[in-house]
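S.K.: What follows is a single structure, and I will ask about it in a moment.
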Amino acid sequence: MVACAGERAQLDLFRALPGDMAPRDAQDLMAYPFFSLAKSRRTTPIDFHAGGVTVRVEGTAEHGIATIWDADILIWAASQIVEARDAGIRTSRRMRVTPYEILRFIGRGTSVRDYRRLKAALDRLQSTSVATSIRETAGRRLHRFSWINEWKERADLDGQPQGIELILPDWFYAGVIEQALVLTIDPAYFRLTGGIERWLYRLVRKHGGRQRHGWRFELRHLYLKSGSLARYADFALDIRRLATRQSLPGYLLTVQRDARGIESLAFRPVPFDSRARVRAGG
């Protein structure tokens, strides 16, 4: 879905803020399967239906569905918007930034290869088509959009690069600008390397929050919420391994089996001064 020149002209330009800031994530993106968890190209659609919620995500044969690593760019965008809003600075869906600023924020390198990967991620975000009933109040209507309406590289008259400009969709921007729909995440999230590991942290952060007694999900339900193409047996094995490693920053994971043999994942926040002991297995 490409924004027309008229839309671009109507939008104010928001220039990325300099300096460090807390990473913020959109709660809707944390709670539902919007992204591929695989590093290989996925073209099989994500089709999720539960409790009146519909999520369908499709990718092109050329680019595939946007991945959970590509979603780091949306975390950067959400963080910029919230930081500016809280500082009383006017925000916009039309944003200008240098690739270096995004890569630095999401903990990536800044080599030529990293710049190319960033551009590939922007292509996947722009070409991924999403249809969802989340936040739609009129019956079974679906909101359809791409994660980025359009993006382009900018250069001066001499051809020297001047960064990139992108336009976010209304659905994403509206969810971010409403404070209740954004959560601060641990910067260590960007160091998580596995797709299921990253997805699980976001889900745990969304549902576990700061509740002292935490939360739990049956593994079968988690499997459906992940949108993963892996076999259930492999998915469950990955969850057990994550619980053994305790690699999710700020949370303690426990896999439990009830009298019927049904496995569940329980998770609760870990006090900050206890995290080192938990990661060390103490």
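The values are calculated or read from the model by the stated rules, or taken from the named source; none is laboratory data. Quick caveat: nothing in here was measured; it's all calculated off a predicted structure. Glycine also receives a Cβ, built like all others from the backbone with ideal geometry; neighbour counts cover every protein chain displayed.
S.K.: If I filter the stretch 192-202 for residues that are on the phi < 0 side of the Ramachandran plot, in contact (Cβ under 8 Å) with a residue 40 or more places away in the chain and not in a helix (DSSP H, G or I), do I get at least one hit? Can you show your working first?
M.R.: First, the residues of the stretch 192-202 that are on the phi < 0 side of the Ramachandran plot: 192-202.
Still in the running and in contact (Cβ under 8 Å) with a residue 40 or more places away in the chain: 192, 194-202.
From what's left, not in a helix (DSSP H, G or I): 192, 194.
Yes - at least one qualifying residue is present in the stretch 192-202.
S.K.: Right, something else. Among the residues of the stretch 165-179, write down those that are touching a residue at least 40 places away in the same chain (Cβ under 8 Å) and of a type in the set (A, V, I, L, M).
M.R.: Leu166, Ile167, Leu168, Val176, Ile177
S.K.: Would the stretch 198-214 turn up any residue that is surrounded by fewer than 19 Cβ atoms within 10 Å (Cβ to Cβ) and among the hydrophobic types (A, V, I, L, M, F, W, C)?
M.R.: Among the residues of the stretch 198-214, not one is surrounded by fewer than 19 Cβ atoms within 10 Å (Cβ to Cβ) and among the hydrophobic types (A, V, I, L, M, F, W, C), which makes the answer no.
S.K.: Has the stretch 120-132 got any residue that is of a type in the set (A, V, I, L, M), modelled with pLDDT of 95 or more and surrounded by fewer than 20 Cβ atoms within 10 Å (Cβ to Cβ)?
M.R.: Filtering the stretch 120-132 down to residues of a type in the set (A, V, I, L, M) leaves 120-122, 125, 130-131.
Next, only the ones that are modelled with pLDDT of 95 or more stay: 120-122, 125, 130-131.
Subset that is surrounded by fewer than 20 Cβ atoms within 10 Å (Cβ to Cβ): 120, 131.
Checked against the condition, which is being of a type in the set (A, V, I, L, M), modelled with pLDDT of 95 or more and surrounded by fewer than 20 Cβ atoms within 10 Å (Cβ to Cβ), the stretch 120-132 yields at least one hit.
S.K.: Would you please name the residue that is nearest to Trp199 (Cα to Cα), looking only at residues in the stretch 218-264 that are part of a loop (DSSP other than H, G, I, E, B) and hydrophobic (A, V, I, L, M, F, W, C)?
M.R.: My answer is Leu248.
S.K.: While we're looking at this one, here's another question. Residue by residue through the stretch 1-53, note down the ones that are among the β-branched types (Val, Ile, Thr) and modelled with pLDDT of 95 or more. Step through it out loud before you land on a result.
M.R.: Going through the stretch 1-53, the residues among the β-branched types (Val, Ile, Thr) turn out to be 2, 43-44, 46, 53.
Passing the criteria: Thr43, Thr44, Ile46.
S.K.: Would you mind telling me which numbered condition in (1) farther than 26 Å from Arg85 by Cα; (2) within 18 Å of the chain's Cα centre (by Cα); (3) surrounded by fewer than 12 Cβ atoms within 10 Å (Cβ to Cβ) Gly194 fails?
M.R.: Unmet condition: (3).
S.K.: Right, something else. Could you please let me know if Leu157 is in the same structural domain as Gln126 (by TED's automatic domain parsing), at pLDDT 95 or above and not in a helix (DSSP H, G or I)? Break it down into steps so the answer makes sense when it comes.
M.R.: Numbers: in the same structural domain as Gln126 (by TED's automatic domain parsing): yes; at pLDDT 95 or above: no; not in a helix (DSSP H, G or I): yes.
Spelling it out, it is not the case that Leu157 is in the same structural domain as Gln126 (by TED's automatic domain parsing), at pLDDT 95 or above and not in a helix (DSSP H, G or I).
S.K.: Is there a residue being loosely packed, with under 12 Cβ neighbours inside 10 Å, modelled with pLDDT under 95 and small (Gly, Ala, Ser) anywhere in the stretch 160-172?
M.R.: No, there is no match, as no residue in the stretch 160-172 is loosely packed, with under 12 Cβ neighbours inside 10 Å, modelled with pLDDT under 95 and small (Gly, Ala, Ser).
S.K.: Here is a list: Ser129, Ser146, Ser111. Which entry is closer than 30 Å to Thr54 by Cβ, out of contact with any helix residue (DSSP H, G or I) (no Cβ under 8 Å at 6 or more places or on another chain) and of a type in the set (Gly, Ala, Ser)? Step through it out loud before you land on a result.
M.R.: Numbers: Ser146 fails: out of contact with any helix residue (DSSP H, G or I) (no Cβ under 8 Å at 6 or more places or on another chain); Ser111 fails: closer than 30 Å to Thr54 by Cβ.
Checking each option against the conditions leaves just Ser129.
S.K.: When the residues of the stretch 121-154 are narrowed to those that are assigned to a loop (DSSP other than H, G, I, E, B) and basic (Lys, Arg), which ends up farthest from His63 (Cα to Cα)? Explain how you work it out, then say what you get.
M.R.: So in the stretch 121-154, the residues assigned to a loop (DSSP other than H, G, I, E, B) come out as 128, 133-142, 147-149.
Retained after the next criterion (residues that are basic (Lys, Arg)): 135, 140-141.
Details: Arg135: 28, Arg140: 29, Arg141: 27 Å.
Applying the filter and picking the extreme gives Arg140.
S.K.: So Thr193 fits all but one of (1) in contact with a Gly (Cβ under 9 Å, 6 or more places away or on another chain); (2) under 23 Å from Tyr251 (Cβ atoms); what number is the exception?
M.R.: For Thr193, the failing item is (1).
S.K.: If I filter the stretch 138-145 for residues that are within 19 Å of Arg93 (Cβ to Cβ) and crowded, with 17+ Cβ neighbours inside 10 Å, do I get at least one hit?
M.R.: First, pick out the residues of the stretch 138-145 that are within 19 Å of Arg93 (Cβ to Cβ): 143-145.
Okay, now just the ones that are also crowded, with 17+ Cβ neighbours inside 10 Å, so 145.
Yes: the stretch 138-145 contains one or more residues that are within 19 Å of Arg93 (Cβ to Cβ) and crowded, with 17+ Cβ neighbours inside 10 Å.
Residues are listed down the side, and each one gets a yes or a no for (1) modelled with pLDDT of 95 or more; (2) closer than 26 Å to Val55 by Cβ; (3) touching a His at 6+ places or on another chain (Cβ under 8 Å):
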{"position": "Tyr223", "(1), (2), (3)": "yes, yes, no"}
{"position": "Ala233", "(1), (2), (3)": "yes, yes, no"}
{"position": "Leu237", "(1), (2), (3)": "yes, yes, no"}
{"position": "Arg241", "(1), (2), (3)": "yes, no, no"}
{"position": "Ala259", "(1), (2), (3)": "no, no, no"}
{"position": "Val270", "(1), (2), (3)": "no, no, no"}
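S.K.: Hey, does the stretch 125-132 have a residue that's at positive phi and within 17 Å of the chain's Cα centre (by Cα)?
M.R.: Start the filter on the stretch 125-132 by keeping residues that are at positive phi, which leaves none.
There is no residue in the stretch 125-132 that is at positive phi and within 17 Å of the chain's Cα centre (by Cα).
S.K.: Right, here's the next one. For the stretch 1-98, list the strands (runs of 3 or more DSSP E) that sit wholly inside it and hold at least 1 residues that are among the aliphatic types (A, V, I, L, M) and surrounded by fewer than 21 Cβ atoms within 10 Å (Cβ to Cβ); which are they?
M.R.: Working: elements: 13-15, 24-26, 46-50, 53-58, 94-97.
In the stretch 1-98, 13-15, 46-50, 53-58, 94-97 are the strands (runs of 3 or more DSSP E) which contain 1 or more residues that are among the aliphatic types (A, V, I, L, M) and surrounded by fewer than 21 Cβ atoms within 10 Å (Cβ to Cβ).
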